[in-house]
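One structure below.
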Amino acid sequence: MKKITPICIAKKQSGLTLVELMVAMVIGLLLMAGVLQVFTANQQTYRVTENLSRVQENGRFAVDIINRFVRKAGFKGNTETSPAFKFLTGTHLTYVFSADQVIAGTNTDVYIRYSGGEGTGVTDCIGNPVAAGTEVTNRFYLDTTNKELECLSTTNPIPQPLVDNIEDMQILYGMALSNGTGHDLRADCYLPADTIVTAAVTNCTSGLNFNQVVSVRINLLLRTPEDNLTSTNAFQSYFFNDSLTPTTATDKRIYREFSTTIALRNVIL
């Protein structure tokens, strides 16, 4: 008689044990946490990159526009014989210029004076054309409330914002020392406008005479538009305006310094 071997049929799984279910849930949560961590890190990297791009863009624009207008200081049109700049009493720009003085200012703002010329396309800092022979004075300054670089012009008494997210602006004036009969065209020292004098200056400790200024150095401190970009418990330390002592930020923005030195072409040529 032939023996028949019984066939074993595997039983189908009808469910999970509680332990198996909990292990699966833990593995799923770990995977989700990893994905979320990667997403958060990428999002923060994007925010930092985007904000730094804005800082670079604002810095380049601020430096470019200040350079263009400071270089105009002393321009008197395209005539061979131009009259001297007149004595200018205070206007809404609140600064008094001596005769033929083309630049002035303080440690935080700069005043630039020039004239229009036929066919030169000269404009003020707002973009308004300046007629031939017409004097114009532009003031560039920092609005400390709104953290904006702004300009005022004698052609328009309304402040015009130019660049935002500027934390600080400091200005130094390059002065050529007098040799008794005049001065050369090279800056011997860069000074803040702390002590203004009208007499000829023969050493760098006597004060600043704007009629001997041949260049301007402008330092700008820009910040990112958004906060919370640095590490959780870290505040950025930065150096600004040739200081040897670092400044620690009070927020978690990123700060960058931009500096430019501009020769007064119409003074030294």
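Out of all the residues in the range 178-223, which are out of contact with any Gly (no Cβ under 7 Å at 6 or more places or on another chain) and of a type in the set (Val, Ile, Thr)? Full working, then the answer.
Filtering the range 178-223 for residues out of contact with any Gly (no Cβ under 7 Å at 6 or more places or on another chain) gives 178-186, 188-189, 191-192, 194, 198-200, 202-212, 218-219, 221, 223.
Selection gives 181, 198, 202, 205, 218.
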Condition set in contact with a strand residue (DSSP E or B) (Cβ under 6 Å, 6 or more places away or on another chain) and more than 16 Å from residue 62 (Cα to Cα), scope the range 141-154, selection modelled with the lowest pLDDT: answer is 154
Residues of the range 232-255 being in a strand (DSSP E or B) and surrounded by fewer than 18 Cβ atoms within 10 Å (Cβ to Cβ), in sequence order, are 237, 238, 247, 248
Selection over the range 160-213 where residues are in a strand (DSSP E or B), within 27 Å of the chain's Cα centre (by Cα) and modelled with pLDDT under 90 yields a count of 1
Counting only residues in the range 1-59 that are over 27 Å from the mean Cα position of the chain (by Cα) and under 17 Å from residue 226 (Cβ atoms), the one modelled with the lowest pLDDT is identified as 41
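Being in contact with a strand residue (DSSP E or B) (Cβ under 7 Å, 6 or more places away or on another chain) and surrounded by 12 or more Cβ atoms within 10 Å (Cβ to Cβ): is that true of residue 229 here? Steps first, please.
On the way: in contact with a strand residue (DSSP E or B) (Cβ under 7 Å, 6 or more places away or on another chain): no; surrounded by 12 or more Cβ atoms within 10 Å (Cβ to Cβ): yes.
When the stated conditions are applied, residue 229 does not pass them.
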* Asked: Looking at the range 76-84, is at least one residue at pLDDT 80 or above, assigned to a helix (DSSP H, G or I) and surrounded by 14 or more Cβ atoms within 10 Å (Cβ to Cβ)?
  -> no
Result of the Cβ filter at 9 Å on the range 121-140, keeping first residues that are modelled with pLDDT of 90 or more and partners that are basic (Lys, Arg) and crowded, with 21+ Cβ neighbours inside 10 Å, at least 6 apart or interchain, is 138/72; 138/113
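The values are calculated or read from the model by the stated rules, or taken from the named source; none is laboratory data. Because the structure is predicted, anything quoted here is derived from the model rather than measured. All Cβ positions, even for glycine, are placed from backbone atoms using ideal geometry, and neighbour counts span all protein chains on display.
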